[in-house]
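Coordinate-derived values only; no laboratory data. Fair warning: this is a prediction, and the values are worked out from it, not measured in the lab. Cβ atoms come from the backbone with ideal geometry, glycine included; neighbour counts cover every protein chain shown.
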Amino acid sequence: MLRRRSFIKNSFFSLIGFSVLRTDSLSILKQAFDDLNFNQSPNEEFWLTVRSAFNIDDKLINLNSGGISPTPIPVHNRFKEYLDKSNLLPAYYNWHVFEPQKELVRKKIAENFGVDSEEIAITRNASEALQIVQQGLELKNKDEVIITDHEYFRMKNTWEQLERRRGVKIIQIQLPVPFVDDDYLITEIKKRISSRTKILHISHVVYLTGQILPIKQISQLAHENDIKLICDGAQSFALLPFTHKDIESDFFGTSLHKWCYAPIGTGFLHIRKELLTKVWPLMAAPKSMDNNIRKFEEIGTHPAANHNAIVDAIEFNSQIGIERKLNRIKTLNNVWINRISGYPEFNLLTNTKDSSKWCGMVLFNISGVNSSKLYKYLLEEEKILTSPMVHNNFKGIRISPNIFNSLSEMEKLSEILESVIKGKVDQVKL
Ligand SMILES: Cc1ncc(COP(=O)(O)O)c(C=O)c1O
């Protein structure tokens, strides 16, 4: 089987020549999956094949996919092909050949998200997608926006700037950690809705804890009260199996360089068609584009390679299957959680027991241990990259493994954490 895997890897690398949005390296992967009885329950061999579709850095164990993910080899090759070809004559290839193909990307995203392609704007990340809406809505002095205290810091910064600039009022709900009760959040939102409330801005998956929030219930509540819902989907798209009908947001922004494995600098914004004219673009567009989703893409010269390779990334995810991917990520996490969960010093800040609320990222801390020192120790001494999370009410370390991680990497993490809990690592103590 090793020979099989190296064939796959070599084939990815040896693909030469060039054609537009083709999927031949992906079909090699599909063939490999078929050979492994892909439709049956995947075994470790299957996951090793998946791992071989990525270039793995042997210097560090990567447990921070919630930050950015690497692109699989076939997607990365496609991206490089676009860049190389573009560089031969950018004014022709980038503008005349590749940029028009953005329409295929728009269609692919729309199909995947279950919406009309005229509702999809391609952006460079979730920050851009969400800020288009935050900054582009005509919110006025004393208009109210309800958010949770677990929203991404940049999105909070945007609301705070709008508070200073236009007098928008932010109303913040404190989420319990771990999060166990959807009804609690719904009740807290209801309590704060007033005649001035214009927007609910809520994450689908909380970046701090990996907790899934009840977006569909929240959007129903918003719509009953004539309020619009902005859903931050940076951590949910291509990690959770869902389409737009499962959340019914008015605005949805995500990055595609996290769980979708597209090149760095990719994302999208979904806006319901009837709301298009209510949002100004961040960078100006002509009046004739008022009702055109492409008005949000008037960003000046940029590489087309990044967004065109999104098609290949979505295809790669379809080959794996989102449900299968999510289950694997949870299995990887359960390796280390199960090993240390019996220790009273271990504090799990994510509700992993209720699978409807857990996406596979985990936040934890250890009593008597300084989380920042532990993060540094894991990185510098043990060569494991995690993500330190600091909130006003808690601190911890987020573990976000991916389909390319192995069971043995998770076992290594659990052994290290066990010795930390047993007090064997002095440098991480409080
Ligand atoms: C919930 C959430 N929203 C927004 C963002 C911003 O994403 P980006 O930096 O890709 O724009 C992140 C990034 O981690 C996030 O986790």
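Determine the calculated [θ] at 222 nm for the chain from helices alone, applying -39500 (n - 2.57) to every DSSP H run no shorter than 4 residues and normalising by the residue count; nearest 500 deg cm²/dmol. Could the numbers behind the result be given before it?
Numbers: 14 runs with 168 residues, N = 430.
Mean residue ellipticity, 222 nm, calculated: -12000 deg cm²/dmol.
Taking other Cβ within 10 Å of each residue's Cβ, how do Trp47, Trp259 sort, fewest first?
Listing Trp47, Trp259 from fewest to most nearby Cβ atoms yields Trp47, Trp259.
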Q.
I need two numbers for the stretch 206-286: Rg to one decimal and Dmax as a whole number, Cα atoms only, in Å.
A. 13.8, 41
Q. To the nearest 20 debye, what charge dipole does the chain have about its Cα centre, counting +1 at the Cβ of each Lys and Arg and -1 at the Cβ of each Asp and Glu?
A. 540 debye
Q | Net charge over other residues, Cβ less than 13 angstrom from the Cβ of Pro176 (K, R count +1; D, E count -1) | A | -4
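Could you tell me the calculated FRET efficiency between Asn334 and Gln220, based on Cβ-Cβ distance and R0 = 35 angstrom, to the nearest 0.05? Before the final figure, lay out each step's value.
Working: r = 33 Å, r/R0 = 0.93.
Efficiency, rounded to the nearest 0.05: 0.60.
Using the count of nearby Cβ atoms within 10 Å as a rough guide to exposure, how do Phe252, Phe242, Phe316, Phe394 rank from fewest to most?
On the way: Phe252 30, Phe242 18, Phe316 25, Phe394 15.
Placing the least packed residue first, the sequence is Phe394, Phe242, Phe316, Phe252.
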Q) Using θ = phi - 60° and the Karplus curve 6.51 cos²θ - 1.76 cosθ + 1.60, what whole-Hz ³J(HN,Hα) does each residue of the stretch 135-144 get, with Gly and Pro shown as x? A) 7, x, 6, 7, 7, 10, 3, 6, 5, 10
Q: Taking the Cβ of each residue in Tyr207, Tyr152, Tyr184 as the centre, tally the other Cβ atoms inside 10 Å and list the residues starting with the fewest.
A: Tyr184, Tyr152, Tyr207
Q. In the stretch 323-428, if every C-alpha pair distance is counted and binned at 10 Å from zero, what percent goes to each bin?
A. 14, 51, 31, 4, 0
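In square nanometres, what is the average projected area of the Cα convex hull of the stretch 94-313?
Numbers: hull surface 46.5 nm².
Approximately 11.6 nm², given one-decimal rounding.
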**Q.** Calculated log₁₀ intensity ratio I(q)/I(0) where the Debye formula runs over C-alpha points of the stretch 173-226, q = 0.13, 0.23 Å⁻¹
**A.** -0.31, -0.93
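From the gyration tensor of the Cα coordinates in the stretch 133-247, what semi-axes in whole Å does the equivalent ellipsoid have, largest first, with each one equal to sqrt(5λ)? Mind showing how you got there, number by number?
Numbers: eigenvalues 95, 48, 40 Å².
Equivalent-ellipsoid dimensions as semi-axes: 22, 16, 14 Å.
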Q.
On alpha carbon coordinates alone, what is the Rg over Rh value for the chain, Rh being the Kirkwood radius?
A. 0.98
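Rounded to a whole number, what is D in µm²/s for the stretch 367-415 from Stokes-Einstein with the Kirkwood radius over alpha-carbon pairs (4 °C, 1.567 mPa s)? All intermediate terms of the calculation are to be shown ahead of the outcome.
Values: Rh = 11.8 Å.
Stokes-Einstein gives a translational diffusion coefficient of 110 µm²/s.
What fraction of the Cα pairs in the stretch 327-382, stated in percent, has a spacing above 20 angstrom?
Values: 476 of 1540 pairs.
Of the Cα pairs, 31 percent sit more than 20 Å apart.
Restricting to the chain, what percent of DSSP beta bridges are antiparallel, rounded to 5? Before the final figure, lay out each step's value.
Numbers: 23 of 44 bridges.
Here the share of antiparallel DSSP bridges comes out near 50 percent.
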Q. Contour minus end-to-end for Leu275 and Lys424, with contour as 0.36 nm per residue of separation and end-to-end as the Cα-Cα distance?
A. 47.9 nm
Q: Tell me, rounded to the nearest percent, the portion of alpha carbon pairs in the stretch 83-177 spaced more than 19 Å apart.
A: 60 percent
